[in-house]
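As structure tokens, the structure follows; a few thoughts come after it.
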Amino acid sequence: VRERAQGDLLARFQEAWDELAEIGRNPEGGYDRFAWTEADRQMRAWFSRAAAERNMTLEQDRNGNLWAWWGEPGDGAIVTGSHLDSVPGGGAFDGPLGVVGSFLAVDELRSRHEESPPRAVAVVDFSDEEGARFGVACVGSRLMTGELDPDRARRLVDESGVTLAEAMRSAGVDDKLLGPDEARLSAITTYVELHIEQGRALADFDAPVGVATAIWPHGRWRLRFKGEANHAGTARLQDRHDPMLVFAAVVTAAREAAARHQCLATVGKALVHPNATNGVASSLQAWLDARAPDAETLNSVITEVRAAAEASANEQGVEFECYQESVTAAVSFNSDLRRRIVTLLGGVPEIPTGAGHDAGILSERIPTAMVFARNPTGVSHSPAERSSVEDCLAGVRALAVILEDLVWG
Ligand SMILES: [Zn+2]
């Protein structure tokens, strides 16, 4: 019987995965499932069907997040879920593993408990987690907790000039209702999110699943370099004010500072002006993303990068400016809940992460935990991210054990 149940779980996992496989898939094999687009609509329609197949009550909250309820919605609910949108060219697992896994975990519990749960269980799909289209991540959860001002959210604009308000309206969400949802938040006892690991720590531990300890503080800085356009063939080296040289110094300094402090710093985006092969650039904009175990280390890295940039800018006669675009403070997941989960799962590894999540946003308000499924490639936000079916199912079973303890324990 047990074997059959396991076989069932595998079959249902693969069925769900097949249903999602073609939605928003681009020619390179990655996924473009941006908030409030046709691909997103299809992902959300899949969520609605998954709820209907299980006779779970479907609800769209004032911020466009989708909820599927097992049991009467009410105080003391246990919530699990993740997101169904993606970054440009994202992988199949980041987000969908948590949502599919949550429905399957509910199935596991229903096969063990005939009666309704003593407290409601909900599966949630948080809208616009990646922020790929409008630039702000975790929009659905940030609006719900009040961390994102609804007026600011409504005015966010995508690359083609469509506002978030317009995009949500065209998807059937009344943008006038956006905002904090205190009643909903206060009715939730605990939120648990299953997610593919975004590094390769679990592979090193040889463990299929692990539990998150914390999310590193992280931020984005916009860098501006202003030099002087000149002719690559006639301007003497000593007469140049080349912002590209300062940019190169910053890229190297960021890498070196990150290595010194054992954290992460990345320059992944740059715009060069006028971007000519035979010209010294006149100006340049670049973005620095930095993440560290604590705020102090993060500050040290930024201070060192700025110092290196300013020294190089002086030397080259280039103007340099650095603006902080956003910083997200460190998140420590609830330690009682974490210890309870580690014990339940028989001592799985506890690991920090540098990536932001809805669970991190909610953890400011309610006890929250994250379970990671092993990703041996260690690659994330790319089609190369991968969790084996066995590890995905290990994640589902772990989630079922946790939910069972939280609901019946
Ligand atoms: Zn994610």
message: Pairs of alpha-carbon atoms within less than 8 angstrom and 6+ residues apart define the contacts here; what relative contact order does segment 197-298 have, in percent?
response: 37 percent
message: Can you list residues from other chains, or at least 5 along the same chain, whose modelled amide H is less than 5 Å from the amide H of V192?
response: V79, T80, G81, A369
message: Only four residue types carry charge here, +1 at the Cβ of Lys and Arg and -1 at the Cβ of Asp and Glu. Report the dipole size of the chain about the Cα centre in Debye, rounded to the nearest 20.
response: 400 debye
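Out of every Cα pair in the chain, what percent are spaced more than 32 Å from each other?
Numbers: 32974 of 83436 pairs.
Of the Cα pairs, 40 percent sit more than 32 Å apart.
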field: Among 66-79, 230-243, the order from most to least packed when residues are scored by Cβ within 10 Å on average
entry: 66-79, 230-243
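Expressed as a rounded percentage, what relative contact order does the chain have, with Cα pairs under 8 Å and six or more residues apart? Don't jump to the answer; show the numbers that get you there.
Details: 887 pairs, mean separation 87.9, N = 409.
Reported relative contact order: 22 percent.
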query: Tell me, what ³J(HN,Hα) does each residue in segment 33-43 have, in order and in whole Hz, if you take phi through Karplus 6.51 cos²θ - 1.76 cosθ + 1.60 with θ = phi - 60° and put x for Gly and Pro?
result: 10, 8, 3, 6, 9, 4, 4, 5, 4, 5, 5
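Hey, any idea what % of the chain's accessible area is carbon plus sulfur with a 1.4 Å probe? Please report the intermediate quantities before stating the final value.
Working: 8810 of 18270 Å².
For the chain, the apolar C and S fraction of the accessible surface comes to 48 percent.
Would you mind working out the accessible area per residue for segment 125-190, using a 1.4 Å probe, and quoting it in Å²? Don't skip to the end; give the middle numbers.
Values: 2770 Å² over 66 residues.
With the other protein chains kept in place, segment 125-190 gives 42 Å² per residue.
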query: Picking from G354, C322, G395, whose Cα lies most toward the positive end of the charge dipole for segment 253-399 (charges on Cβ: Lys, Arg +1; Asp, Glu -1)?
result: G395
query: Angle between the Cα long axis of helix 96-112 and the longest principal axis of the chain, 0 to 90 degrees, nearest 10?
result: 10 degrees
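Can you give the charge dipole size of segment 20-81 about its Cα centre, rounded to the nearest 20 debye, using +1 on the beta carbon of Lys and Arg and -1 on the beta carbon of Asp and Glu? List each step's numbers first, then the result.
On the way: 7 positive and 10 negative charges, 19 e Å.
Approximately 100 debye in magnitude.
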query: So for segment 222-282, taking the charge dipole from beta-carbon charges (+1 Lys/Arg, -1 Asp/Glu), which of L264, L223, T277 sits furthest toward the positive end?
result: L264
query: What are the residues whose amide H is under 5 Å from the amide H of G146, where those residues sit 5 or more places off or on another chain and H is modelled from the backbone?
result: D181
- prompt: Which of the peptides 255-268, 27-40 is most tightly packed, and how do the rest follow, going by the mean number of other Cβ atoms within 10 Å of each residue?
  reply: 27-40, 255-268
statement: Rounded to a whole number, the Stokes-Einstein D of segment 1-150 in µm²/s (Kirkwood radius over Cα pairs; 25 °C; 0.890 mPa s) is 153 µm²/s
- request: Mind ranking 93-101, 135-143 by how tightly packed they are, going by the mean number of other C-beta atoms within 10 angstrom, highest first?
  value: 93-101, 135-143
query: Among V250, L202, W36, whose Cα lies farthest out toward the positive end of the dipole of the chain, if unit charges sit on the beta carbon of Lys, Arg (+1) and Asp, Glu (-1)?
result: V250
- prompt: From the phi of every residue in segment 382-397, what ³J(HN,Hα) in whole Hz does the Karplus formula 6.51 cos²θ - 1.76 cosθ + 1.60 yield, where θ is phi - 60° and glycine or proline is x?
  reply: 7, x, 6, 5, 7, 10, 5, 4, 4, 6, 4, 5, 4, x, 4, 5
query: Roughly how big is segment 15-156's charge dipole about its Cα centre, with Cβ charges of +1 (Lys, Arg) and -1 (Asp, Glu), in debye to the nearest 20?
result: 340 debye
statement: Between the alpha carbon centres of segment 148-169 and segment 29-46 the gap in Å comes to 18 Å
task: Find the eigenvalues of the gyration tensor of the Cα atoms of segment 315-409, then list the square roots of 5 times those eigenvalues as equivalent ellipsoid semi-axes, largest first, in whole angstrom.
output: 35, 20, 11
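Please give the per residue accessible area of segment 265-387, computed with a probe of 1.4 Å over protein heavy atoms only, in Å². Mind dumping the intermediate values first?
Values: 5900 Å² over 123 residues.
Per-residue value: 48 Å².
Let me check against my output: what whole-number percent is the relative contact order of segment 72-148, with C-alpha pairs under 8 Å and at least 6 apart?
On the way: 100 pairs, mean separation 29.1, N = 77.
The normalised contact order for segment 72-148 reaches 38 percent.
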- prompt: Between R200 and H231, how many nm apart are label points set 7 Å from Cα along the C-beta direction?
  reply: 5.0 nm
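The values are calculated or read from the model by the stated rules, or taken from the named source; none is laboratory data. Predicted model only: the values in this text are computed from it and were never measured. Counting neighbours? That spans all protein chains shown, and the Cβs are built from the backbone with ideal geometry, glycine included. Side chains included, ligands, DNA and RNA excluded: accessible areas come from the protein's heavy atoms. Shrake-Rupley method; radii C 1.70, N 1.55, O 1.52, S 1.80 Å.
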